[in-house]
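First comes the structure, then the notes that go with it.
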Amino acid sequence: MLNIYNKLIAVLFIAAMLSPSLTKAQGINYQAITAKRSGATNPLSPDPLVNYSWPNPKATDDLQTYSLHSVSFKTNDAGFDMSKFKEDNLITVKGKGDIRFDFGRTNAGWLEFESDDLTDSIALSISEYNEPAIVNEGALHRFKTLAPVKHGNTYRLELNPELYEGVRFGWVHVLSHKKNWHIKNLRLICQIKPTNYKGSFACSDPELTRIWYTGAYTVKLNLLKSYFGAILMERSDRQSWTGDAYPSQAASMVAFGNYDFVKANLINTSGLDNGIASYSLYWVLSLIDYVNYSGDTEFGEKYIENACEKLDKAYQNYGKSPRLGFYGWDERLGAGFENPDNPETENAYSMLSIRSWAEFGRLMKQIGRADLAEKYTGYAQAKINEERNQNSWLTTFGLHASADAVNTGLTNFHEDSVFYQLNYTDRVNRVSYSPFNEYFIIGALAKMQRYDDALSSVKDVWGGQLRYGGTTFFEVYRPSWNQILANNDAPVNNQCGYTSLTHPWSAGVVKWLSEEVLGIKPLEPGFSVFRILPHLGSRLTSVKGVTPTVHGLICVDFNLRSGINRFTIPTGAIAKSVAIPLAGTISSVSLNGRLILHTGMSRKNIEIKDRYLNLYEVTPGKYECRIIYKSVNNQTLTKEVAWKYAINKITQDSLTGGQWIKRYGKDGYMLFNYFNSGKHLQKLPTCISAIGLRHEANVLHTIATPGNYLLTDTAGFAHHLGAITTRDPKACLQTMTLDIKVTDSNVHQIALYLLDWDSKDRRSAIEVFDLKTLNLLAPVQLVKNYQKGKYMVFNYSGSIRIRINQITGKNAALSGVFFDPVL
């Protein structure tokens, strides 16, 4: 157990003993799951209930519970006899200490155990990562550590009235010891909304299969009694977020076919936008998704007026720089709430508006509202033409705006090519900070027919989270985290606050894999007409899966290597086209044992085109298509784009400490709060016009501390050191920025001096961006163990932004910046 928690636990224990329970006495009888095991466990799914089915789950069902036991434990203390834990779930407590339990996956649950002889003082902790969790102020309990509440012989951790948190790890802390006692049946009680997996996905790359099931599980954990949740950890924002629900609901319909619950959530959020302009449009897109998947055109017609109000407001605001409120956590999108109203987000919002008008217009045409179809498709075409006529969008739109432009479906091949070359060939910067926004980027790559790039980004973003140790998908993520953090370490906190590791807005990839790789997509509401067009890229050789519809299951099982391809079309639906990917030159094709094509033969409704065998107007039934090849193409793998950072050499100096004068600062320096709070000692190089600070708190150290804790001043005397810090624990202020504005294009050296002067176990992450483009210039850097001071040193050119983020400890702290010529 980390020392930082010892005093905290004792304080929390005392406070809890003096306070009433968070919940009224309610007994300890939980409503157990009514699901039954219905098949083999899927090893690529993190869901312990993936092979369980409920008889008839409905939107009105209440939550049910099941219990999990840990898969492993860790303790360095001799005060625990664990010899009977594996067999009997029994621990004998013989002294003080801590035990950490790993439940193998993140769950929506709470920790409890039984004891009939407990006499010691104890506390329990939970977390999504491998340290007891801490979140921002505003949460009922910032520190997810508390003395348990006793119910008979059961001791339960109660951190909020709803009990559940995001839990993968749990701890028992024994704070004092009088005599031996026993922990029995330690378990996690997990809640779940009755929900069956009706959809499925598998392919020749197991990681992509894991991604599909992990995304589905992320959504499933956040299905609450009456609405789609947006986060598991209680950090004061556990509510329904309308825009977050757009990819969550899309993934839910693909994986679970729970249309009634999606419908209920659309009703609940129909009047909400959470103060965010784009979220109204995401609600419209969710309505369109729902009608297309469920076929419930009556519901769509009922909400036409609501949707039109949202779309008309977007039209009125078009080009007028409306207040957006938020567009994403990525630096290029204004870093969340820091600067959301900027050219890139305004352009992205304009393109989202065009997309929403175009898609709503198509839906109106399908349900017989020609007037509204003409109105909104007219809006979309007129505004996209305006952009073309201005003749600047191709070069001014960044990654996110160009993705939203391509996703309108109205860009042409030339426009797509320019956007691609400018924004999507850099593997580092085609990744958005949030998987929510990355969903739209892989959508654009698919529309541009860049499937290898899209699959590469899927593996970088969502696959990277799995390699980090994730069993659910995160609120934000950078692939370079994996180079500085061990599996399941505490993540980087930032402008989103304390990072959530179970955030269902990240699950849009589930729908993308089913529609783009498996290839099943509706063309008319309810899949009455649909198409099957899988995109395997250059690396996949097979894909298999199911998409649920109101007509039944659409099933696909295509295999390039064997040439055996099966698919099922349910009664009431028509496949406008079924495109079977080809591995080479065909010798013959049989369908359900009947020869339908061989060399030199042509047949109606069959066409070989673009490396597919295309079958048209396929009626309901089960089909097996066997392809025999005359010759098989050699598999040509697209070369993976390398990770390239503009700044690729960064060093850390832990030896110099406060004796900086002969080592750093030859061209200039900035010592924070050197004179007084808010009064810095500053001597800037001639090439730097200004240093802008944002979101920092000022700290003036008034207590003398020996050795490396002091900076030597320019006269050679030790000087009390000041610092700027992040403003923890305020929400979304686990970060601060320095904008360094440079007037030349030469290469310079910079050194950041970080000091954990009061030994608060600070771990910090440093990001460096180009100040003009806000593209990431370097992999994220970890600075830890800086009680005696550390310098982070690198070369740069041009103006840059440095973002300093808290990971653990009281806050992140920076004491000085030093400028030097390049050696």
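The values are calculated or read from the model by the stated rules, or taken from the named source; none is laboratory data. As the structure is a prediction and not an experimental result, all values here were calculated from the model. As a convention, Cβ positions derive from the backbone with ideal geometry for all residues, glycine included, and neighbour counts pool all protein chains shown. Protein only, heavy atoms only, side chains kept; ligands, DNA and RNA dropped before computing areas. Shrake-Rupley method; radii C 1.70, N 1.55, O 1.52, S 1.80 Å.
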Check your understanding: Counting other Cβ atoms within 10 Å, which trypsin sites (Lys or Arg not before Pro) in the range 321-420 have at most 12 and lie in a DSSP loop?
Key -> Arg323
Point to revise | For the range 254-396, Kirkwood radius (reciprocal of mean inverse C-alpha pair distance, Å) | key: 16.0 Å
Point to revise | Å² per residue, accessible surface of the chain at 1.4 Å | key: 39 Å²
Point to revise | Kirkwood Rh and Cα Rg combined as Rg/Rh, the range 364-455 | key: 1.03
Review point. Given the C-alpha centroids of the range 557-611 and the range 311-387, what is the distance between them in whole angstrom?
Key: 40 Å
Study note, to complete from the structure: Too long for a 23 Å Cα-Cα cut-off, among Lys144/Lys511; Lys544/Lys622; Lys313/Lys365, are Lys144/Lys511
Review point. Once phi is turned into ³J(HN,Hα) by the Karplus curve 6.51 cos²θ - 1.76 cosθ + 1.60 with θ = phi - 60°, what whole-Hz value does each residue of the range 457-471 show in order, with x for glycine and proline?
Key: 5, 4, 6, 5, 7, 7, x, x, 5, 5, 5, 5, x, x, 10
Study note, to complete from the structure: Kirkwood radius from Cα pairs of the range 462-618 plugged into Stokes-Einstein at 37 °C, 0.692 mPa s, gives D in µm²/s equal to 180 µm²/s
Practice item. Determine how many Å³ per residue the convex hull of the Cα atoms of the range 149-212 encloses. Key: 177 Å³
Check your understanding: Ranked highest first by average number of other Cβ atoms within 10 Å, how do 570-580, 158-168 line up?
Key -> 158-168, 570-580
Check your understanding: In terms of modelled amide H atoms, which long-range or inter-chain residues lie less than 5 Å from the amide H of Ile586?
Key -> Lys630
Check your understanding: For the range 622-680 and the range 390-407, what is the separation of their C-alpha centers, rounded to whole Å?
Key -> 26 Å
Review point. What's the center-to-center distance, using Cα atoms, between the range 56-86 and the range 731-745 in Å?
Key: 44 Å
Review point. Nearest 10 degrees, 0 to 90: what angle lies between the long axis of helix 413-423 and the longest principal axis of the chain (Cα atoms)?
Key: 20 degrees
Practice item. Run the accessible area of the range 735-823 with a 1.4 Å probe and give the carbon-and-sulfur part as a rounded percent. Key: 46 percent
Study note, to complete from the structure: Burial-style ranking of 451-458, 633-640, average other-beta-carbon count within 10 Å with highest first, yields 451-458, 633-640
Point to revise | Highest average packing first - 114-124, 56-66, Cβ atoms within 10 Å | key: 114-124, 56-66
Practice item. Over the alpha-carbon set of the range 609-677, divide Rg by the Kirkwood Rh and report the Rg/Rh ratio to two decimals. Key: 1.52
Check your understanding: If each Cα of the range 76-153 is one equal point scatterer, what is log10 of I(q)/I(0) from the Debye formula at q = 0.12, 0.22 Å⁻¹?
Key -> -0.42, -1.33
Study note, to complete from the structure: For Trp660, the residues 5 or more places away or on another chain with a placed amide H closer than 5 Å to its own amide H are Thr712
Review point. Using θ = phi - 60° and the Karplus curve 6.51 cos²θ - 1.76 cosθ + 1.60, what whole-Hz ³J(HN,Hα) does each residue of the range 754-759 get, with Gly and Pro shown as x?
Key: 10, 9, 8, 5, 10, 6
Practice item. Could you tally the net charge around Ala490, taking each other residue with its Cβ under 13 Å from the Cβ of Ala490, Lys/Arg +1 and Asp/Glu -1? Key: +1
**Study point:** Apportionment of accessible area to carbon and sulfur, the range 44-181, percent (1.4 Å)
**Key:** 46 percent
Exercise for review: Whenever you get a sec, compute what percent of the accessible area on the range 513-626 sits on carbon and sulfur atoms (1.4 Å probe).
Suggested key: 50 percent
Exercise for review: Compute the projected area of the convex hull of the Cα atoms of the chain, averaged over all viewing directions, and report it in nm² to one decimal place.
Suggested key: 38.4 nm²
Study note, to complete from the structure: Output for the range 455-542 (equivalent-ellipsoid semi-axes, sqrt of 5λ from the C-alpha gyration tensor, Å, descending) is 31, 16, 8
Revision key, fill the gap. Scalar couplings 3J(HN,Hα) for the range 391-396 by Karplus 6.51 cos²θ - 1.76 cosθ + 1.60 (θ = phi - 60°), nearest whole Hz, x for Gly and Pro, are 6, 10, 5, 4, 9, 9
Practice item. Could you list which residues have their amide H under 5 Å from that of Asn494, counting only those 5 or more apart in sequence or on another chain, with H placed in the peptide plane? Key: Thr499, Gln734
Check your understanding: Looking at the range 264-318, which chymotrypsin sites (Phe, Trp or Tyr not before Pro) are DSSP coil and have at most 13 other C-beta atoms within 10 Å of their C-beta?
Key -> none
